[in-house]
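Notes to accompany the following structure.
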Amino acid sequence: MKKKSLKSAGMLLAVVTSLTMVLSGCGSKNNNNNGAASPSASAPASESASPSASPSDSGTGTTIDAKGMKIGMATDTGGVNDKSFNQQAWEALQKVANDTGAEAKYLESKKDSDYQPNLNSFVKNGYTLTWGIGFLFADAMKTIAEQNPDAKLALIDSSVDAPNVESVLFKENEGSYLVGIVAGLTTKTNKIGFVGGMELPVIKKFEVGFKAGVAAVNPNATVTSNYVGDFSKPDLGKLAAATLYDGGADIIFHAAGGSGNGVFTEAKDRLKSGNKVWVIGVDKDQSLEFGNEITLTSMMKKVDEAVTKVTLDTLSGNFKGGTVELGLKEGGVGLPVENPNVPKDVLDKVEEYKQKIISGEITVPTE
Amino acid sequence: MSENQSVRKWSRIFVASSIWVPIIAIILGLICGAIVMWIGGFNAWDAYSALFKKVFGSKYDIGETIRTITPLLFTGLSVGFAFRAGLFNIGADGQFIMGMTGATILGIKIDFLPWILHAPIAVLGGMIVGGLWGALAGYLKSSRGVNEVISCIMLNWIALYLSNYLIRTLVLKQGSQRSEEIQSSASMSIDWLSKAMDNARMDWGIVFGLICTSLFYIILWRTKQGYELRAVGFNPEAARFSGINVSKNMLKSMMISGMIAGLGGVFEVLGVFHYQVISAASSGYGFDGIAVALLGGNHPVGILLSSILFGVLTYGSAGMNFTAGVPTEIVRIVIGCVIFFVASQGLIQMLYKPFTARRDAKRKEAA
């Protein structure tokens, strides 16, 4: 009798545990497949980015024979299907591998403690170049770079001071300034929202640049910020957007990765109930994924092009090391080519400010 | 009588005749995983040899595998200890985080002590913080009858956000999402061993883990206190009737359980990272610990073995992906297969029951 009850208690425990494991498994899956509903959209998104890319695209045309060379890429905990920079970077690397005959491989990091072993896997196997994607890699990258002075490493979104690391930073503030101008000239309520992922220096750059852009053309408009606290929670992103729209905002600029998908959902819901609101997308031309009815424009950050360029440079023997910062001048950030929702006079204004930033007449603040 | 039987049931796992159950389970799991890989068009033999090569292939990998095992051992022991006293400590995750936080703050803020004092203080401090966090759930259970599963789940979230808050306000490294580095006097890394192991991150954690494993056994089976704890676990009513203070023992077991989990967090900070990141989600070591404890039959030796199994699978899976080219999704399925079979021991016993049935019948006759 007693044994039986013990047994069933054991069963219950097993069920609870397996449930927990399944549930937690689902949780991390979500991280990887954010908004997996439209996987097809991501491919055209990054492809359409390439034609718009002019100056930094130089390498793609030239033929480099890199047979036998290997390129590695370690993702951060977002995973390779994050619809954000990890995915962009990996798609770019695959393309490079196809074009040059080099071999490309990725390793996903499931925990923070995986960063070092993952980078090491590539380094110790003699990879020509090893990428760490995302600013979370900064510390691991520094350690590995010091321990392996002969390895060639590259890093996105953070800067490591070592001769064998090429760090690629973006001037998100400059691109955000331009979409700020679009927002400032488009808003009817003079209330604009900003939804950020986490309060990191890199996201702050988006916010500050955006605010400066709005203020430059529409001093009467106010920008309210709302931080979600996570890059992979669309539900919280939706909530943050709802708060801002309820407060009277008619445009929201998001820099919240996967959480930003919720901002689009909220805008779609409002559009259905006859309330016209706009979202400004981030990282790639998000109108391709979420439609032109709600996407005003996007602040594109061309991670794929940076990855392509640095990789091709390395394969052709021109690895430089040091830090590059890609801004408007270098074509690293900017608006998409097609902006059907932005009238001509606004686009002219954007172009005007773009030239001013490039010439150095305007310096966009970063914090 | 029934108590005797269940004691036999637990201890039977470690006598020669029933050591076969986990071994058969692991083999079945590997076969099942192989079938999955075969269906997916991958060479299972290559994949498995890649897994073992990844784990035992180089000094660096052996070191990093030990590093992966350490936190699993701690959280497994923590959950197992509470199980023995009849409590389901699903909050090892939160206690782990609190241990990390305690060690981080003590490790950074104290900057005037020599190594010989600072390191023990940081270790003990983190351990106590973790223990108190566990005791909180134990207190709610013993004094108010709050189900420890529910309070623990909630406390996990509170621990996560409290820890983020404390790091942000007390020890944040400017311009990043992590704490400053701990003082070198608090470090629990073994530098000479790391050098010898090709820069793998080696620390004293595993030594303390083994000490905890033996303490686990000594406390529970060789002291009066342990007898009381186990009595409460088997049947709280009977324990109360025989004069044992049940609520005090519940509180104690949760506190000890929390201390063990906290120690896991302590070594993660003082030994592996030397800083703590502000993260949106927990590392999940506490939940892995539940599986480790169940798999190990809540026996210290079993937990040690199962933490090794989990650690090897976790660290080695990167090798299956890296060397054998098996995509991470399939690797996860394979790992899941192994864990499933190992966890469902009843299934294995059912499979081999026909072989032992005759013997059992004979025994019955004899009785």
Do we find that B:ILE303 is in contact with a Ser or Thr (Cβ under 8 Å, 6 or more places away or on another chain) and part of a helix (DSSP H, G or I) in this structure?
-> yes
Since A:VAL282 meets every condition but one in (1) outside the structural domain of A:LEU136 (by TED's automatic domain parsing); (2) in contact with a Pro (Cβ under 6 Å, 6 or more places away or on another chain), which condition does it not meet?
-> (2)
If you check A:LYS105 against the conditions, is it within 12 Å of A:THR75 (Cβ to Cβ) and in a loop (DSSP other than H, G, I, E, B)?
-> no
Which of the residues that make up segment A:142-155 are closer than 19 Å to B:LYS54 by Cβ and within 25 Å of the chain's Cα centre (by Cα)?
-> A:ILE144
Considering every residue within segment B:116-138, establish whether at least one is out of contact with any Cys (no Cβ under 8 Å at 6 or more places or on another chain) and within 12 Å of chain A (Cβ to nearest Cβ).
-> no
What about B:LEU229, is it over 18 Å from the mean Cα position of the chain (by Cα) and away from every other protein chain (no Cβ under 14 Å)?
-> yes
Given the conditions (1) within 24 Å of B:CYS152 (Cα to Cα); (2) within 14 Å of chain A (Cβ to nearest Cβ); (3) surrounded by fewer than 17 Cβ atoms within 10 Å (Cβ to Cβ), every one holds for B:ASN245 apart from (2)
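Yes/no matrix, rows are residues, columns are (1) of a type in the set (Val, Ile, Thr); (2) within 11 Å of chain A (Cβ to nearest Cβ):
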residue	(1), (2)
B:ILE278	yes, yes
B:SER282	no, yes
B:ASP288	no, yes
B:VAL292	yes, yes
B:SER307	no, no
B:GLY311	no, no
B:CYS337	no, no
Out of B:ILE219, B:ILE260, B:ILE182, which single residue is closer than 14 Å to B:SER78 by Cα and in contact (Cβ under 8 Å) with a residue 40 or more places away in the chain?
-> B:ILE260
Scan of segment A:92-126 for residues that are over 30 Å from B:GLY264 (Cα atoms) and out of contact with any strand residue (DSSP E or B) (no Cβ under 8 Å at 6 or more places or on another chain), ordered by number = A:ALA92, A:LYS95, A:ASN98, A:ASP99, A:THR100, A:GLY101
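Residues checked against (1) modelled with pLDDT of 95 or more; (2) in a helix (DSSP H, G or I); (3) hydroxyl-bearing (Ser, Thr, Tyr):
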| position | (1), (2), (3) |
| --- | --- |
| B:PHE14 | no, no, no |
| B:THR75 | yes, yes, yes |
| B:GLY94 | yes, yes, no |
| B:THR101 | yes, yes, yes |
Look at A:TYR115 and say whether it is touching a helix residue (DSSP H, G or I) at 6+ places or on another chain (Cβ under 9 Å) and assigned to a helix (DSSP H, G or I).
-> yes
Does A:LYS171 satisfy being under 18 Å from B:ASP61 (Cβ atoms), out of contact with any Cys (no Cβ under 7 Å at 6 or more places or on another chain) and at pLDDT below 95?
-> no
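Let's see how each residue does on (1) away from chain B (no Cβ under 11 Å); (2) surrounded by fewer than 24 Cβ atoms within 10 Å (Cβ to Cβ); (3) of a type outside the set (Lys, Arg):
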| residue | (1), (2), (3) |
| --- | --- |
| A:THR77 | no, no, yes |
| A:ALA92 | yes, no, yes |
| A:LYS95 | yes, yes, no |
| A:GLN116 | no, no, yes |
| A:LEU119 | yes, no, yes |
| A:VAL123 | no, yes, yes |
The condition of being surrounded by fewer than 23 Cβ atoms within 10 Å (Cβ to Cβ) and of a type in the set (A, V, I, L, M) holds, among B:ALA293, B:ALA318, B:ALA280, only for B:ALA280
Within segment A:234-280, residues being of a type in the set (Asp, Glu), surrounded by fewer than 16 Cβ atoms within 10 Å (Cβ to Cβ) and closer than 20 Å to A:MET198 by Cβ number 1
Does A:GLY281 satisfy the condition of being more than 14 Å from chain B (Cβ to nearest Cβ), in contact with a helix residue (DSSP H, G or I) (Cβ under 9 Å, 6 or more places away or on another chain) and under 17 Å from A:PHE206 (Cα atoms)?
-> yes
Go through B:TRP192, B:TRP204 for me and flag whichever is closer than 30 Å to B:GLY57 by Cα, among the aromatic types (Phe, Trp, Tyr) and surrounded by fewer than 17 Cβ atoms within 10 Å (Cβ to Cβ).
-> B:TRP192
Is at least one residue of segment A:127-141 over 20 Å from A:LEU326 (Cα atoms), within 12 Å of chain B (Cβ to nearest Cβ), in a helix (DSSP H, G or I) and more than 15 Å from the chain's Cα centre (by Cα)?
-> yes
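The values are calculated or read from the model by the stated rules, or taken from the named source; none is laboratory data. Source: prediction; values computed, not measured. Here Cβ is always computed from backbone atoms with ideal geometry, including for glycine, and neighbour counts include all displayed protein chains.
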